[in-house]
Amino acid sequence: MSEPTNTGTPQVPETAAPEDTKRTPSDFLKSVLGRPAVVKLNSGIEYRGVLACLDGYLNIAMEQTQEFGLDGQLKATYGDCFIRGNNVLHISSQAKRKTGL
Amino acid sequence: MATRILPLELIDKAIGSQIWILMRGSKEVVGTLRGFDDYVNLVLDDAIEYTPDPNDRTNIITKKLDAEILLNGNQIAILVPGSGGPDSLAQQQQQQQQQQS
Amino acid sequence: MEEPLDLIRLSIDERVYVKCRGSRELRGKLHAYDQHLNMILGEVEETVTTTEIDEETDEEIVKKQTRKVGMLFVRGDIIVLVSPPLRTT
């Protein structure tokens, strides 16, 4: 950038993707709400169920939840459950059914 | 004054391309970046998780996540935009070694 | 239900199941909680699960220790999951 525009504010770089192809975390959460989702915790435990609601800490209320251990085995089921957000590694939309690993 | 670039502007440029994420601890994730927010929560497509086997640290368990994910920014340590992660890095190094020999 | 904490609010005065870090589980009556998910539980049964490897057979031995506590405070940051236990299996 050769232009000496010394305005003190950083220039906004040209984005690699146009605005409409971006998907912010908030967009993602809106799209996954009320749908089947997989929540993986830092410990490796996975929860599959319907995402009832979320807040800004990624605290999650889930329905019809199945808990899977590190070995992938079903460990427990919960009608309703609350998952504390600080343990959440990632949330995945359950677009395609996973087969094994 | 040289044009300053804010750290997150660099990440913004990586939207639509591959990104390598090193988590706190020893987990790593590679995926296509779709978007992010101020907390550096990331939306990723075609993500692959790399987790060292707890029983044998030299064995890395890779897991393909075949749905879009929201990766919690809380556990993210380092982002490498434009990198395909540990596998592609190993390939690059091999190629370099082959060229040298 | 507007936010996840509503699920906790609806469980007040009910018996809940609380999964904590470090293979610790609690079952008790939820008396109070706050925004950090700090909790007061009453008539609590605490279960700690430990696994040991048998030196000779190399088999995993799972041990569950339980104890009863009349009333306790749980710091929110050790909590992983909360569920109303009546609906758990």
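Read-outs throughout are calculated quantities, based only on the coordinates presented, and are distinct from any laboratory measurement. All values derive from a computational prediction rather than experimental measurement. Here the Cβ is made from the backbone with ideal geometry for all residues, glycine too, and neighbour counts use every protein chain on show.
Using θ = phi - 60° in the Karplus curve 6.51 cos²θ - 1.76 cosθ + 1.60, the 3J(HN,Hα) couplings for region B:87-96 round to 5, 5, 5, 4, 4, 4, 5, 4, 4, 4 Hz; x is entered for Gly and Pro.
Among the listed pairs A:LYS40/C:LYS68; A:LYS40/C:LYS19; A:LYS75/B:LYS63, those with a Cα-Cα distance over 24 Å are A:LYS40/C:LYS68.
Reported to the nearest whole Å, the Cα centre-to-centre distance from region A:32-97 to region C:22-81 is 20. Computed over chain B, relative contact order equals 28 percent, with contacts defined as Cα pairs under 8 Å that lie 6+ residues apart.
Among the trypsin sites (Lys or Arg not before Pro) in region B:13-59, those located in a DSSP loop and surrounded by at most 11 other Cβ atoms within 10 Å of their own Cβ are B:ARG24.
Measuring nothing but how far apart in sequence close Cα pairs (under 8 Å, 6+ apart) lie, relative to its length, chain C scores a relative contact order of 31 percent. Sparsely packed loop sites in region C:26-79 (the trypsin sites (Lys or Arg not before Pro) outside DSSP H, G, I, E and B with at most 14 other Cβ atoms within 10 Å) comprise C:ARG75. Projecting the Cα atoms of B:LEU42, B:ASN72, A:PHE82 onto the dipole axis of the protein assembly as shown, where Lys and Arg carry +1 and Asp and Glu carry -1 at the beta carbon, places A:PHE82 farthest toward the positive end. Here the label points at C:THR50 and B:ASP66, each 7 Å from Cα along the C-beta direction, are separated by 4.2 nm in the simple model. Net charge dipole, the protein assembly as shown: roughly 380 debye, given to the nearest 20, about the Cα centre with Cβ charges of +1 for Lys and Arg and -1 for Asp and Glu.
Counting other Cβ atoms within 10 Å of each Cβ, which GluC sites (Glu not before Pro) in region A:36-89 have at most 11 and sit in a DSSP loop?
none
In terms of its alpha-carbon gyration tensor, chain C comes out prolate; a/c meets the 1.5 threshold, and the first ratio a/b outweighs b/c. Distances between placed amide hydrogens fall under 5 Å for B:TRP20 paired with B:VAL80, B:GLY82, B:SER83, all partners being 5 or more residues away or on another chain. Along its principal axes, the protein assembly as shown has C-alpha extents of 72, 53, 36 angstrom, given from the largest down.
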